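Asks: Below are the C-alpha cells for one structure; questions will follow.
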Amino acid sequence: MRRKLAAGNWKMNGARADLTQLQALCAAHDGATVDLLICPPFTLIAAAVDICASHALRIGGQDCHAAAAGAHTGDISAAMLKDAGADAVILGHSERRADHAEISDDVRNKARAAHEAGLLAIICVGESLAEREAQNTLDIIGGQLSSSIPDTATGENTVIAYEPCWAIGTGLTATPDQIGEVHDFIRARLEKRFGAGVGRSVRLLYGGSVKTGNAAEIFAVSNVDGALVGGASLKCDDFSPIISALEAAAKAS
C-alpha cells in the first residue's frame, strides 16, 4: 500500500512569525495517519525543522541546483537542503519551468542530485490551458515524464505531482475524470518504464487549487495518493481539513 502524502508548498510566502502555523499543524495532527510535508522558503527551513523535530511533519525545499557545490550565486544544493534538515524537495514546478525557463532535462538532473543527497524528489508535471484545449495533455505529460524522471527513481525517493498549469492559483480545478485520466496514464507509464514493482510504488499527487471543499472528491479518484497544496497550506485552519480528508480516504481504501 502506498502511504498517502499531504504536501504543502508555501512558495515565496512566509516569515518567522508564520512558523506558528507549523506549531498549530503539529498539534492538530499529532499521530497523523498520512505523511505530512511542508516546503517553506529556504530562509525558514532550519527553524521549521527544529519546530517539527518531535513530530511526523517533515520539511522540504522548493528547488535545488543539480551541482553539489560551486559558483552558482543565489542557488542551493540538495546537500545543503539535507544539511539544513530537509527531507524532500519540489522540482520542476510549472512556476520554475515558466519563470526560470527550466526544461525537463534540468529537472531530471536536479532530481538525480536530490536522490544522491538522500532527499525525496517531488517531480511536477502539467499542461497549459492551450495544450489542454488542443487535446495534447497526455502527449505533454508523457514527454515531461520521460525527460524529467531519472533512472534512479524508486517509490522511496520519488513522488510525481500532476499540476495542470491552468489550475494553479486560479481557483479552477480539474474534474475528477480529467485527474483520473492523467493519473492512470502516469501510473501506466511508470510501470512500463520501471516495472510493476517500482511503477506501482511511486506516489502520485494532484495539485491545483486543492481546498477543503474539493479535497474529498479529489482523493477518491483512482491513483491519487495525496495532494501538493499551494495557498491552502499557508494556514493551519485551511490545510488541516485537507489532511483530515486524506486520512479519511486512506482509511476507506
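FYI, it's all coordinate maths here, none of it is from the lab. The structure displayed is predicted, hence computed values, not measured ones. Glycine also receives a Cβ, built like all others from the backbone with ideal geometry; neighbour counts cover every protein chain displayed.
Asks: Find how many whole Å separate the alpha carbon centroid of the range 51-125 from the alpha carbon centroid of the range 187-249.
Replies: The range 187-249 and the range 51-125 have Cα centres separated by 20 Å.
Asks: Counting other beta carbons within 10 Å of each Cβ, put 139, 87 in order, fewest first.
Replies: 139, 87
Asks: Sticking with this one: Compare the peptides 103-109, 57-63 by average per-residue count of other Cβ atoms within 10 angstrom and give them in order, highest first.
Replies: 57-63, 103-109
Asks: Convert each backbone phi in the range 123-136 into a coupling constant with the Karplus relation 6.51 cos²θ - 1.76 cosθ + 1.60 (shift: θ = phi - 60°), then list the ³J(HN,Hα) values in order as whole Hz, x for Gly and Pro.
Replies: 9, 9, 9, x, 9, 7, 5, 4, 5, 5, 5, 8, 6, 9
Asks: Which of 204, 172 has the fewest other C-beta atoms within 10 Å, and how do the rest follow up to the most?
Replies: 172, 204
Asks: Which one, 74, 24, 84, projects farthest toward the positive side of the charge dipole computed for the range 1-84 from Cβ point charges (K/R +1, D/E -1)?
Replies: Positive-most Cα among the choices belongs to 24.
Asks: Sticking with this one: Given the DSSP H assignment, sum -39500 (n - 2.57) over each helix run of at least 4 residues in the chain and divide by its residue total; what's the result at 222 nm in deg cm²/dmol, nearest 500?
Replies: My calculation for the chain gives -13500 deg cm²/dmol from helical runs alone.
Asks: What does the charge dipole of the range 41-183 about its Cα centre add up to, to the nearest 20 debye, if the Cβ of each Lys and Arg holds +1 and the Cβ of each Asp and Glu holds -1?
Replies: The calculated dipole for the range 41-183 is roughly 300 debye.
Asks: Please give the charge dipole size of the range 70-110, origin at the Cα centre, charges +1 on K and R Cβ atoms and -1 on D and E Cβ atoms. Round to the nearest 20 debye.
Replies: Taking the Cα centre of the range 70-110 as origin, the dipole is about 100 debye.
Asks: Residue by residue through the range 169-185, which ³J(HN,Hα) values in whole Hz follow from phi under the Karplus form 6.51 cos²θ - 1.76 cosθ + 1.60 (θ = phi - 60°), with glycine and proline marked x?
Replies: Calculated HN-Hα couplings, in order: x, 9, x, 7, 10, 4, 6, x, 5, 5, 5, x, 4, 6, 5, 5, 5 Hz.
Asks: Starting from 0.36 nm per residue, how many nanometres of slack lie between residue 3 and residue 217 once their C-alpha separation is accounted for?
Replies: Fully extending the segment from residue 3 to residue 217 adds 75.2 nm.
Asks: Could you tell me what % of all Cα pairs in the range 5-252 have separations over 35 Å?
Replies: Looking at the range 5-252, the distances longer than 35 Å represent 7 percent of pairs.
Asks: Based on Cβ point charges of +1 for Lys and Arg and -1 for Asp and Glu, what charge dipole magnitude is obtained for the range 6-75 about its Cα centre, in debye rounded to the nearest 20?
Replies: 80
Asks: Further, regarding this structure: Counting only C-alpha contacts under 8 Å and six or more residues apart, can you give the relative contact order of the chain as a whole percent?
Replies: Relative contact order, the chain: 21 percent.
Asks: Roughly how many nanometres apart are two label points built 7 Å out from the Cα toward the Cβ at residue 16 and residue 47?
Replies: Distance between label points: 0.5 nm.
Asks: Anything over 20 Å Cα to Cα? Flag those among 11/110; 82/235; 11/211, in the order listed.
Replies: 82/235
Asks: With 5 Å bins from zero, work out the P(r) of the range 56-170 over every alpha carbon pair and list the percent per bin.
Replies: Result returned by the calculation: 2, 13, 22, 24, 18, 12, 7, 3, 0.
Asks: May I pose another question? Calculated FRET efficiency, residue 56 and residue 177, Cβ-Cβ r, R0 41 Å, to nearest 0.05?
Replies: 0.80
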